[in-house]
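Encoded as structure tokens, the structure appears first; notes follow it.
The values are calculated or read from the model by the stated rules, or taken from the named source; none is laboratory data. These figures come from a predicted structure and were not determined experimentally. Note that we place each Cβ from the backbone using ideal geometry, even for glycine, and neighbour counts take in every protein chain shown. For the accessible areas, the whole protein counts, side chains as well, though only heavy atoms, and no ligand, DNA or RNA atoms are used. Shrake-Rupley method; radii C 1.70, N 1.55, O 1.52, S 1.80 Å.
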Amino acid sequence: MTNSVDRRARASQKRQRLMAAAAKVLHEQGVERTTLADIAREADVPVGNVYYYFKTKDELVQAALSEHTAYLDELTGRLDRLPDPRDRLKALVEAWVEQRDVAARYGCPTGTLAAELGKRADGTLDTEAGAVIRRLLDWAARQFREMALSGPDGPDGPNGPDNPDDLALTLVAGYQGMSLMAHALRDPDVMTREGARLRRWLDSLQ
């Protein structure tokens, strides 16, 4: 019985290593350039083991997306422990900026994957990548909804009150934009400057 439990635990750990490796390698190399052997090497397992757990590259892409979802849930779970929703959003921006060197080299993990998958004809995995971004948008919208605020124009401004969903879209679009520009220019300072701008924008919301 103990040996059976140990085998299951080792199998679970190996699968988890492969999922983490898939997320890292696909981010760094892209879907088309990545082979199963690349992921096996990163996970430090024989390539035959990859086929045991994941039959196709698409299954590994799905595993990578699961990793992105798990990371997002872990991050937002930590941020939810902060008492103030504005502080949660500003801490989210800080977390993005902390990844500036990675973003400058490879771009946003989920955003670059979504862009690459969106060019494929089958139209399935790109939807799953979009669902991860939607998860982030929904979390951000909940924070803005909890703040119950309007934008700098105020409730009587030309645009009326800002919808929480629109505010969330502005925030996440800002992140995707600064990640793209940092990557295109190979300049992590773009993330620092734009992150500061996003925090000032959050502070300006009344």
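See the values below:
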quantity	calculated
Near pairs, Cβ below 9 angstrom, 6+ apart or cross-chain, from segment 166-186 (among the charged types (D, E, K, R)) to any residue that is surrounded by 15 or more Cβ atoms within 10 Å (Cβ to Cβ) and modelled with pLDDT under 95	166/151
Members of segment 35-64 found to be part of a helix (DSSP H, G or I), open to solvent by less than 30 Å² (accessible area, probe 1.4 Å) and within 30 Å of residue 172 (Cβ to Cβ), listed by number	38, 39, 60, 61, 63, 64
Number of the exception - residue 82 against (1) aliphatic (A, V, I, L, M); (2) over 18 Å from residue 191 (Cβ atoms); (3) in a helix (DSSP H, G or I)	(3)
Counted residues, segment 123-135 - those being open to solvent by 20 Å² or more (accessible area, probe 1.4 Å) and assigned to a helix (DSSP H, G or I)	8
Scan of segment 78-90 for residues that are free of Cβ contacts under 8 Å to residues at least 24 places away in the same chain and open to solvent by less than 30 Å² (accessible area, probe 1.4 Å), ordered by number	79
Cβ-Cβ under 9 Å pairs, at least 6 apart or on other chains, segment 5-25 side open to solvent by 70 Å² or more (accessible area, probe 1.4 Å), far side among the aliphatic types (A, V, I, L, M)	15/63; 17/43; 17/45; 24/39; 24/64
Any hit, segment 50-59, residues being touching a Lys or Arg at 6+ places or on another chain (Cβ under 7 Å) and farther than 20 Å from residue 138 by Cβ	yes
Among residues of segment 97-122, those that are open to solvent by less than 30 Å² (accessible area, probe 1.4 Å) and farther than 17 Å from residue 23 by Cβ, counted	2
Boolean, residue 24 is of a type in the set (D, E, K, R) and under 29 Å from residue 189 (Cα atoms)	yes
Residue identified as acidic (Asp, Glu), assigned to a helix (DSSP H, G or I) and open to solvent by 50 Å² or more (accessible area, probe 1.4 Å) among 74, 32, 67	74
